[in-house]
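Before any comments, here is the structure.
Just so you know, all these numbers are worked out from the coordinates, no wet-lab data involved. Because the structure is predicted, anything quoted here is derived from the model rather than measured. In this analysis, Cβ positions are derived from the backbone assuming ideal geometry, glycine residues included, and neighbour counts consider all displayed protein chains.
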Amino acid sequence: MKKIPTSVEIVDVPPPAYNETEQELSVSTGTTKLDKEELHRLFRDRNLAFLTTLSKDGSPHVTPVWTEMIDDLILINTFESSAKNKHIANDKRIALSIVEQNNPFNMVSIKGKVIERTTEGADEHLIKLAKKYVFEIYCRIFPTTSRINIES
C-alpha cells in the first residue's frame, strides 16, 4: 500500500470571500473583540471549554472542562487527583478556550494564571455545573470523589 502525503492547515481565519485577494486580508481578519456581556454569555451557556495546563516536562495537556464565570473569575471543577490539578500545583500558567456549541466561529481563548485552588464548596459547585451541562446525571455517577475548584 502506497502512503499518500497529506497536509492540514489549521488557522483561526475563515477562508477569504470570493472577491477578496490575499493582499486585502490582514492579520486580524476573522477576529473580533467580545464585549463583557458576550464573554459572560459564552460561559453562561452550555459551552464546553478546553483547559491547557503544562506537565512537568513542559508539554501541554489539554482537557475539556465544565466552567462558570462569576464576575471576572473563571471557575473550573475537577477531581483532586486529576492530571490538570497536579500540573497546576507545579505551574499555575493555563490557557482556556471556550467555543459556542452552535457557532464554532464564536469563541475566545484566554491565557492566565490560577489564583486559587480550594475544596471548599467544590461538591456544591459540581452539582450546579452538572445541572447546566448534563442535568445532574453526572452527580449520581461519581458521588464520592474528592473535588476541587480552580479559580483563574
Exercise. Sequence neighbours fewer than 8 away in the same chain don't count; with that in mind, list the lysines whose C-alpha is under 29 Å from Lys111.
Key: Lys33, Lys36, Lys56, Lys84, Lys86, Lys92, Lys128, Lys131, Lys132
Self-check item: Long-range Cα-Cα pairs in the range 33-151 (distance over 23 Å), rounded percent
Solution: 28 percent
Practice problem: For the range 62-68, just list the computed ³J(HN,Hα) in residue order, Karplus coefficients 6.51, -1.76 and 1.60, θ = phi - 60°, integers in Hz, with x standing in for Gly and Pro. | Solution: 10, 9, x, 9, 8, 9, 8
Exercise. Give the long-range amide H neighbours of Trp66: residues separated by 5 or more places, or on another chain, with amide H under 5 Å away, using H modelled in the peptide plane at 1.01 Å from N.
Key: Asn77
Quiz item: Net charge near Arg46, counting Lys/Arg +1 and Asp/Glu -1 over other residues with Cβ under 12 Å of its Cβ?
Solution: +1
Quiz item: In nanometres, what is the gap between the two model label sites at Ser55 and Gln101, each 7 Å from Cα along Cα-to-Cβ?
Solution: 2.9 nm
Quiz item: So what J values fall out for the range 112-118 if you push phi through Karplus, 6.51 cos²θ - 1.76 cosθ + 1.60 with θ = phi - 60°, rounded to Hz, Gly and Pro as x?
Solution: x, 10, 6, 9, 7, 10, 8
Quiz item: If you average the sequence gap of Cα pairs under 8 Å that are 6 or more apart and divide by the length of the range 33-151, what percent do you get for the contact order?
Solution: 27 percent
Practice problem: Could you go through the range 95-104 in sequence order and give the Karplus-derived ³J(HN,Hα) for each residue, using 6.51 cos²θ - 1.76 cosθ + 1.60 with θ = phi - 60°, rounded to whole Hz, and x for Gly and Pro? | Solution: 9, 9, 10, 10, 10, 5, 5, 9, 8, x
Quiz item: What ranking do Val134, Val65 get, fewest neighbouring Cβ atoms within 10 angstrom at the top?
Solution: Val134, Val65
